[in-house]
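Since every read-out is calculated from the coordinates, none of them should be taken as a lab result. Quick caveat: nothing in here was measured; it's all calculated off a predicted structure. We place every Cβ from the backbone using ideal geometry, glycine too, and count neighbours over all the protein chains shown.
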Amino acid sequence: MKTRKNSIIALNIILILVCGFICKDASYASKNEELILSCFELSKADIEEGSLSGWTVMDETFMDEQGLNSKLDALIPGLGFGESDIKKEIQTAADMSKAVLYAKKGSGTYHIVVESMRNDDGEEKSYCSFRAIYNGTYADIIQDKYFVEKVFLEAGMPIKLDMLITGSYEEKIAKEQVEVLVKKLLNHIKAYEVESMKDEETISVAAYSSQVGGYIYSRGRKVNVQVAMRYSEYRDKTYLLIGSPVIPFEY
């Protein structure tokens, strides 16, 4: 099927970006990640949420329902999810199978996806993605990051998680003040701008700091922190997002 083959090709391109063109240092040091937290504290923004996200490539074998279940079941005990805290959804077809696990624990909501795809040429690809959102807090985000990575490693699915903290200010902040604040936050962690995007409602700066562990490459230059601010007219709030190494999704 042409559509499925295109999906495989698209996934392969993403994998090349993640595993080849974009490469990380071997590890993050928690003291460096604490710099990101101190950066948010300096902002004086109200906390909205903290989040962790990442994904990992698994073996090349196409998985049926039993295989999908086995992958999720290998994670559930280690992550400390009770049976009453989880919900599974599984879809299977000849060329695509997908299992989704929704879970709650403490302040966190968790979303884990295991997916396999196969095209008409017999090419197969499987991967697992993880996202956790901690509503109204980021207190344990570093501890949970290493905990989740350890559980995935022990389950044979090594993963590196990106960290994001989202805060907000009441009402709209003037563009000049936004630019001053972003510069102040980057100076706090001794980061220099690598690339940026600015308009009347949004500012986003990707930067690199030797004080912060890990990095990716963007257009041949190192990046390990991204700071963005945008105004929401609907909520009448100005949002602040601080991600490391980058903000992993649209905002």
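Key figures for this structure:
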quantity	calculated
Value of Rg to Rh for segment 43-167 (Rh from inverse mean 1/r over Cα pairs, i.e. Kirkwood)	1.02
Rounded FRET efficiency, nearest 0.05, which uses the C-beta distance separating residue 34 from residue 74 and R0 of 30 Å	0.45
Prolate/oblate/rounded label for segment 116-175 (Cα gyration tensor, a/c 1.5)	oblate
Taking the C-alpha atoms of segment 102-251, convex hull volume expressed per residue in Å³	174 Å³
Exposure proxy ranking, count of Cβ atoms within 10 Å, fewest first, for 162, 95, 59	59, 95, 162
Spatially near lysine pairs across segment 140-251, Cα under 15 Å, sequence gap of 8 or more or different chains	9
Global form of the chain, assessed from the alpha-carbon gyration tensor, a/c cut-off 1.5	prolate
For residue 136, net neighbour charge (Lys/Arg +1, Asp/Glu -1) across residues whose Cβ lies under 11 Å away	-3
Expected 222 nm ellipticity per residue - DSSP helices of 4 or more, -39500 (n - 2.57), all of the chain, to 500	-9500 deg cm²/dmol
